[in-house]
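What follows is a short report on a single structure.
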Ligand SMILES: Cc1cc2nc3c(=O)[nH]c(=O)nc-3n(C[C@H](O)[C@H](O)[C@H](O)COP(=O)(O)O)c2cc1C
């Protein structure tokens, strides 16, 4: 799939078939994640690949918008170690860029995926920290649920020319 086609047709997919996602697909997706831009090229990210449904069910129980997780084939926790940063405080932007790359790579491979928000909802972080044994310097940004799509969604068409300014506001 051409990169522009992938960007313009990506949607959040929350229904999945029971067909597995392979380890090879997950590795390709993580290659895309780690190819993302990052502040000072620090790449402070770490990724936790989750296939255990007990874990996904537990996140779904505590997170108000993660109802798709029990049906996901795999999910990826995107987090960053603040000790790896060159410019402190930029890790959310670095992890957001990596998360978008994960979504686009999954879509390009014919998978469906959705971004589940964690940061900066402070009520969601302690359980995630405990569930995944995260060290104190490691901060979770998002969890991406994925599987083979069991729903079809049209391209979004969100282009708004009136939001574009030239030279000044
Ligand atoms: C920071 C962020 C947090 C999000 N959190 C959730 C979430 O917790 N659960 C969910 O189902 N979707 C979540 N989404 C997905 C959005 O709901 C979705 O991207 C938006 O509705 C646009 O739809 P689309 O992705 O199909 O284009 C999140 C997206 C972003 C960027």
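Miscellaneous remarks
- Residue order, fewest to most beta carbons within 10 Å, for 53, 157: 157, 53
- Expressed to the nearest 5 percent, the antiparallel share of DSSP beta bridges inside the chain is 95 percent.
- Gain on full stretching of the segment that runs from residue 169 to residue 87 - 0.36 nm per residue minus C-alpha separation: 26.6 nm
- Helix content alone sets the calculated 222 nm mean residue ellipticity of the chain: runs of n ≥ 4 DSSP H residues at -39500 (n - 2.57) each, divided across all residues, give -9500 deg cm²/dmol.
- Packing-based order for 69-75, 139-145, using average beta carbon neighbours within 10 Å, highest first: 139-145, 69-75
- Residue-normalised convex hull volume from the C-alpha trace of region 86-169: 190 Å³ per residue.
- Stretchable slack from residue 18 to residue 137, in nm (0.36 nm times residue separation minus alpha-carbon distance): 39.3 nm
- Rg/Rh ratio calculated on Cα atoms of the chain (Kirkwood radius): 0.98
- Between 85, 151, 100, the GNM of the chain built on Cα springs shorter than 10 angstrom shows 151 fluctuating the most.
- Compactness of region 18-89 was expressed as the Cα radius of gyration divided by 2.2 N^0.38 Å, which yields 1.30.
- Taking each residue as 0.36 nm, the span from residue 58 to residue 130 lengthens on full extension beyond its C-alpha to C-alpha distance by 24.8 nm.
- With a simple spin-label model that places each label point 7 Å from the Cα along the Cα-to-Cβ direction, the separation between residue 34 and residue 154 comes to 4.0 nm.
No value in this document is a laboratory result; all are computed from the given coordinates. Small disclaimer: the values here were computed from a predicted structure and weren't measured. So basically every Cβ, Gly included, is an ideal-geometry build from the backbone, and we count neighbours across all protein chains shown.
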